[in-house]
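**Student:** Quick one: this structure, given as structure tokens, is what I'll be asking you about.
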Amino acid sequence: MSSDTGLVRYVAVADWWGRHVWVERDGVRRALPACGDELIAGFAWGCRGIAARELARAILADATGSTAVAERYCRELTHAVISGLPRTGFELDRDDVVRWLHAVAAPVGPAAVAAV
């Protein structure tokens, strides 16, 4: 789990120069790092596919601190959330990601996401 106590959110924008995704912690932004095995040119949202799945994986890995959890739930997050985001950009709170994860993982049991 991330040890941050302040507001953490994922901020994205699509502009003439491409698509950009940042992690914002207490007002400080840094680029969201990719964490999957796929070689991708960038992240995507507002659609499905490899680039959208890699965005879901990166957000989950950052939000939970676990690449295993990110790998397990990235496809579900892609279909449930990432594919429906506005193509021009979005802001997504870490707390919303964790709440979604707890709701989705609940049928599996609390041990599956106990560390989150």
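Each value in this text was obtained by applying a stated rule to the coordinates, not by laboratory testing. Remember, predicted model here, so these are calculated numbers, not experimental data. Glycine gets a Cβ as well: all are built from the backbone with ideal geometry, and neighbour counts include every protein chain shown.
Yes or no, residue by residue, for (1) out of contact with any strand residue (DSSP E or B) (no Cβ under 9 Å at 6 or more places or on another chain); (2) assigned to a loop (DSSP other than H, G, I, E, B); (3) buried (at least 18 other Cβ atoms within 10 Å of the Cβ):
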site: TYR10; (1), (2), (3): no, no, yes
site: ALA34; (1), (2), (3): yes, yes, yes
site: TRP45; (1), (2), (3): no, yes, yes
site: ARG57; (1), (2), (3): yes, no, yes
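**Student:** Which pairs do you get when a residue that is in contact (Cβ under 8 Å) with a residue 40 or more places away in the chain and in a strand (DSSP E or B), found in region 82-104, comes within reach of a residue that is surrounded by 12 or more Cβ atoms within 10 Å (Cβ to Cβ) and charged (D, E, K, R), reach meaning Cβ atoms under 7 angstrom, with the pair 6+ apart or on two chains?
**Tutor:** GLU91/ARG9; LEU92/ARG9; ASP93/ARG9
**Student:** Just to be sure before I move on: is GLY65 out of contact with any Leu (no Cβ under 7 Å at 6 or more places or on another chain), farther than 15 Å from VAL11 by Cα, in contact (Cβ under 8 Å) with a residue 60 or more places away in the chain and not charged (D, E, K, R) in the structure I sent?
**Tutor:** Values: out of contact with any Leu (no Cβ under 7 Å at 6 or more places or on another chain): yes; farther than 15 Å from VAL11 by Cα: yes; in contact (Cβ under 8 Å) with a residue 60 or more places away in the chain: yes; not charged (D, E, K, R): yes.
It is true that GLY65 is out of contact with any Leu (no Cβ under 7 Å at 6 or more places or on another chain), farther than 15 Å from VAL11 by Cα, in contact (Cβ under 8 Å) with a residue 60 or more places away in the chain and not charged (D, E, K, R).
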